[in-house]
Amino acid sequence: MSVSTGTTAEPTAETTAVPPVAPHRDQVLRPHAEDAFAAELAALAAHDDRPRPARWKLSPWAVATYLLGGTLPDGTVITPKYVGPRRMVEVAVTTLATDRALLLLGVPGTAKTWVSEHLAAAVSGDSTLLVQGTAGTPEEAIRYGWNYARLLAHGPSREALVPSPVMRAMSEGRTARVEELTRIPADVQDSLITILSEKTLPIPELGEEVQAVQGFNLIATANDRDRGVNDLSSALRRRFNTVVLPLPETAEAEVDIVTRRVEQLGRSLDLPAAPDGLDEIRRVVTVFRELREGVTGDGRTRLKSPSGTLSTAEAISVVTSGLALSAHFGDGVLRAGDVAAGILGAVVRDPAADRVIWQEYLETVVRERDGWTDFYRACREVGA
């Protein structure tokens, strides 16, 4: 006979835990390219009657159109994801349709990661098979790892193996991405050689191998300007077809890129659109280009260049921060005072040398330029 004590057990954290709910796509701070531009990818697929390589979601022509923009027969507008030479994009897309891997090379801020993500999204419908290169990236991140609990309990087995994004891409016929390849230690980089040349990933512990199926390819990004770069071995570099992404050729092209990306970021951050912000964007781009190139736009004054890269990506960051300042602490209009601090932080990376270069630029160029008095004063105030 059981006796009830009249008490109820207190709920524990284990019994009351609620499983996490995946956020709605509209709530994600930075949606993957295949989610953010799903409507455009679907419209392209519906109108795409050209030959497609095995397991590609779109034809090479449609992939290039997705990146560069265009208008479909039904009037659907495909927004440009990249502003640059069309032939360069066509070469990159064509490379992925061959057995050669693609290396996107360029100085920081030339949209290498952006192009890599959108290429993978358009080709495979999945841009998430990503290895982020750092100085601490292990070989397991490229090859495979192990579930050590299962490994110790049952020994090496397929169930204990943890596939890397590259291994998954090989077995599923998708596009893998390796970001900042030159950040990865040289011996780890070279683990890609067998994968790219033999299209095979050996698993010696199991006496097996994973062979790449049709549709597999790899996109890597790299730059040779930052500190801590590990040069690629000649054997590995030969496995890639290299496409160099240039900086924007003209100031107007760079202004267009910055404007587009700031609008996209502003929408994702729920920032109000800044009226008449184009003038400040143009000034930020002008400052970055002149200091980057070491000469004023009219070619009359030679300048010293600071240690930073002053890339287009940094210009986008400066303007976005300025937009947030104007929205939350100003009148909603993007002004010189909203971008001055961001410019100072981007230019003065070395407090000793770069500050002298910046002050000289302010006094010899900005101070004398018509219509830039407010910008000069704002920069002097934050730099005081």
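Quick rundown of the values:
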read-out: Filter result (of a type in the set (S, T, N, Q) and farther than 20 Å from Val262 by Cβ) within the stretch 277-301; value: Thr296, Thr301
read-out: Selection count where residues are of a type outside the set (A, V, I, L, M) and modelled with pLDDT under 95, scope the stretch 148-179; value: 8
read-out: Sole exception among (1) in a helix (DSSP H, G or I); (2) closer than 26 Å to His32 by Cβ for Leu291, by number; value: (2)
read-out: Considering residues of the stretch 369-384 that are touching a residue at least 12 places away in the same chain (Cβ under 8 Å) and of a type outside the set (A, V, I, L, M, F, W, C) only, the residue farthest from Leu344 (Cα to Cα); value: Asp374
read-out: Residues of the stretch 35-48 that turn out to be assigned to a helix (DSSP H, G or I), touching a Ser or Thr at 6+ places or on another chain (Cβ under 8 Å) and among the charged types (D, E, K, R), as a count; value: 1
read-out: Any pair with Cβ under 8 angstrom, 6 or more apart, that starts in the stretch 346-368 at a residue that is within 15 Å of Arg302 (Cβ to Cβ) and ends at one that is assigned to a helix (DSSP H, G or I); value: Ile357/Leu291; Ile357/Val347; Tyr361/Val287; Tyr361/Glu290; Tyr361/Leu291; Val365/Glu290
read-out: Filter result for Ile281 (closer than 25 Å to Gln27 by Cα, modelled with pLDDT of 90 or more and crowded, with 19+ Cβ neighbours inside 10 Å); value: no
read-out: Residue identified as β-branched (Val, Ile, Thr) and within 15 Å of Pro163 (Cα to Cα) among Ile203, Ile184; value: Ile203
read-out: Some residue of the stretch 151-170 being over 30 Å from Ala36 (Cβ atoms), polar (S, T, N, Q) and touching a strand residue (DSSP E or B) at 6+ places or on another chain (Cβ under 8 Å); value: no
read-out: Long-range neighbours under 6 Å by Cβ, at least six apart or interchain, first residue surrounded by 15 or more Cβ atoms within 10 Å (Cβ to Cβ) within the stretch 150-162, second assigned to a strand (DSSP E or B); value: Ala160/Trp146; Leu161/Tyr144
read-out: Breaking point among (1) under 18 Å from the mean Cα position of the chain (by Cα); (2) modelled with pLDDT under 95, for Pro73; value: (1)
read-out: Index of the failed condition, Ala176 passing every other in (1) in a loop (DSSP other than H, G, I, E, B); (2) in contact with a strand residue (DSSP E or B) (Cβ under 8 Å, 6 or more places away or on another chain); value: (1)
read-out: Odd one out for Ala324, checked against (1) outside any loop (DSSP other than H, G, I, E, B); (2) of a type in the set (A, V, I, L, M, F, W, C); (3) crowded, with 20+ Cβ neighbours inside 10 Å; value: (3)
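The values are calculated or read from the model by the stated rules, or taken from the named source; none is laboratory data. These numbers were taken from a predicted model, which means no experiment stands behind them. Because the Cβ atoms are built from the backbone with ideal geometry, glycine has one as well, and the counts that use them run over all protein chains shown.
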